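Everything on this sheet refers to the single structure shown next.
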Amino acid sequence: MKYWVKGSQVSYGEAIGILLLENFAPFIPGDTANATSYRYPVRFQRVPGLSVERIFAHDITMYDVVKQAAEELKKEGVRAITGDCGFMAVFQQRLADELGIPVFLSSLLQLPFMSLIVGSSKSLGVVTANSAALSDEVFGWAGVSGDLRKRLRVTGLEDNRHFVEAVFEEKGMLDSDVVEKTVVEHSLSLCEKHGDLGAILLECSMLPPYGAAVQEATGLPVFDYITMIDYVHDTVVKQRYTGSM
């Protein structure tokens, strides 16, 4: 088999590129920003200046810096580009229009799919890092509006002091047991308040490590950033099947 060089690439095999906030927190296994969370190689790219504060403020002026980082990933051969914060939805449509490869920046993009598989009579739970910042505008950027928006039940972790200190204030330490407990509690509270809940989305890129605990506690399908990234990866890197009949 013959292989040919691709442009100016000096490495190969990383199909998914991940844009990272400048957020200085511990990113544990299962987190979107931890390479061991994936069964395949990924490539990370920091977006200079894109802080937690700026992304929660929906700072659209950061677009050019985001696009430059995405172009670097594309130049290095990735086949699709995601991010590590659901609030990156602010850049979703424009970057998808301009970049030339698939772009799926926000975990919120899964909500229309979730709504279809659970049926129109069910509501959907969303556990987010910051419910105050998760406005109708953010949902709109992710393609979520109208009747679907009315079916969403949102809860935020901004009321948990440890999570705020670890993620928003970047104090340098994250206690995963504390975070898991609060994520499960928020998820159970949604179920208790809304008996028609059909599935839960863990919006924040730091929450996939707690998805199993949430599912065990609620019995519901649980979506997160990693479910989305795995799904897209398997569309841009297809496997050949072997077996018997």
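Out of region 126-160, which residues are in a loop (DSSP other than H, G, I, E, B), of a type in the set (A, V, I, L, M) and touching a Cys at 6+ places or on another chain (Cβ under 9 Å)? I'd like the intermediate steps shown before the answer.
Applying the first criterion (in a loop (DSSP other than H, G, I, E, B)) to region 126-160 yields 129-135, 142-145, 151, 160.
Keeping just the survivors that are of a type in the set (A, V, I, L, M) gives 129, 132-134, 142, 144.
Listed by number, the list holds a single entry, ALA129.
Which of the numbered conditions does TYR231 fail, given that it passes all the others? Conditions: (1) surrounded by fewer than 16 Cβ atoms within 10 Å (Cβ to Cβ); (2) over 14 Å from SER107 (Cβ atoms).
(2)
For ALA70, state whether it is touching a Ser or Thr at 6+ places or on another chain (Cβ under 6 Å), modelled with pLDDT of 95 or more and either surrounded by fewer than 21 Cβ atoms within 10 Å (Cβ to Cβ) or not charged (D, E, K, R) (or both). Quick ask: steps written out before the conclusion?
Values: touching a Ser or Thr at 6+ places or on another chain (Cβ under 6 Å): no; modelled with pLDDT of 95 or more: yes; either surrounded by fewer than 21 Cβ atoms within 10 Å (Cβ to Cβ) or not charged (D, E, K, R) (or both): yes.
For ALA70, the condition - touching a Ser or Thr at 6+ places or on another chain (Cβ under 6 Å), modelled with pLDDT of 95 or more and either surrounded by fewer than 21 Cβ atoms within 10 Å (Cβ to Cβ) or not charged (D, E, K, R) (or both) - is not met.
Please work out which residue is nearest to the chain's Cα centre (by Cα), limiting yourself to region 1-60 and to residues that are hydroxyl-bearing (Ser, Thr, Tyr) and part of a loop (DSSP other than H, G, I, E, B). Break it down stepwise before answering.
Narrowing region 1-60 to residues hydroxyl-bearing (Ser, Thr, Tyr): 3, 8, 11-12, 32, 36-38, 40, 51.
Retained after the next criterion (residues that are part of a loop (DSSP other than H, G, I, E, B)): 3, 8, 11-12, 32, 38, 40, 51.
Details: TYR3: 34, SER8: 29, SER11: 25, TYR12: 24, THR32: 7, TYR38: 13, TYR40: 17, SER51: 16 Å.
Filtering region 1-60 for residues that are hydroxyl-bearing (Ser, Thr, Tyr) and part of a loop (DSSP other than H, G, I, E, B), the one nearest to the chain's Cα centre (by Cα) comes out as THR32.
Select from region 111-125 the residues that are within 21 Å of HIS186 (Cα to Cα) and not in a helix (DSSP H, G or I) and list them in ascending order. Walk me through it before giving the result.
Within region 111-125, the first condition is being within 21 Å of HIS186 (Cα to Cα), and the residues that meet it are 111, 114-115, 118, 122-125.
Hits for region 111-125 are LYS122, SER123, LEU124, GLY125.
Tell me, which residue of region 139-166 that is surrounded by 17 or more Cβ atoms within 10 Å (Cβ to Cβ) and in contact with a Pro (Cβ under 8 Å, 6 or more places away or on another chain) is farthest from LEU108 (Cα to Cα)?
ALA166
Tell me, which residue of region 56-67 that is in contact (Cβ under 8 Å) with a residue 60 or more places away in the chain and not aromatic (Phe, Trp, Tyr) is surrounded by the fewest Cβ atoms within 10 Å (Cβ to Cβ)? I'd like the intermediate steps shown before the answer.
Pass one, region 56-67, residues in contact (Cβ under 8 Å) with a residue 60 or more places away in the chain: 56-58.
Those left that are additionally not aromatic (Phe, Trp, Tyr): 57-58.
Values: ALA57: 13, HIS58: 16.
So the residue we want is ALA57.
For region 180-227, give me each residue that is outside any helix (DSSP H, G or I), more than 11 Å from VAL127 (Cβ to Cβ) and either among the hydroxyl-bearing types (Ser, Thr, Tyr) or in contact with a helix residue (DSSP H, G or I) (Cβ under 6 Å, 6 or more places away or on another chain) (or both).
Passing the criteria: LEU197, GLY198, ALA199, SER205.
Examine region 37-54 for a residue that is of a type in the set (Asp, Glu), out of contact with any Gly (no Cβ under 9 Å at 6 or more places or on another chain) and surrounded by fewer than 20 Cβ atoms within 10 Å (Cβ to Cβ), and state whether such a residue exists. First the steps, then the outcome.
Filtering region 37-54 for residues of a type in the set (Asp, Glu) gives 53.
Checking the rest, the ones that are also out of contact with any Gly (no Cβ under 9 Å at 6 or more places or on another chain) come to 53.
Right, trim to surrounded by fewer than 20 Cβ atoms within 10 Å (Cβ to Cβ) and you get 53.
Yes.
Just the residues that are within 16 Å of the chain's Cα centre (by Cα) and on the phi > 0 side of the Ramachandran plot, please, taken from region 89-144.
GLY143 - this is the single residue of region 89-144 that is within 16 Å of the chain's Cα centre (by Cα) and on the phi > 0 side of the Ramachandran plot.
Okay, residues lined up against (1) closer than 20 Å to PRO209 by Cα; (2) touching a Gly at 6+ places or on another chain (Cβ under 7 Å); (3) surrounded by 20 or more Cβ atoms within 10 Å (Cβ to Cβ):
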| residue | (1), (2), (3) |
| --- | --- |
| GLU76 | no, no, no |
| ARG79 | no, no, no |
| VAL90 | no, no, yes |
| ALA96 | no, no, no |
| GLY100 | no, no, no |
| LEU108 | yes, yes, yes |
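Residue pairs, Cβ under 9 Å, 6 or more apart or interchain, first in region 31-43 and outside the structural domain of GLY86 (by TED's automatic domain parsing), second loosely packed, with under 15 Cβ neighbours inside 10 Å and of a type in the set (D, E, K, R). List them.
none
The values are calculated or read from the model by the stated rules, or taken from the named source; none is laboratory data. Here the structure is a predicted model, which is why all the values come from computation and not from measurement. Positions of Cβ are backbone-derived with ideal geometry, glycine not excepted, and every protein chain shown enters the neighbour counts.
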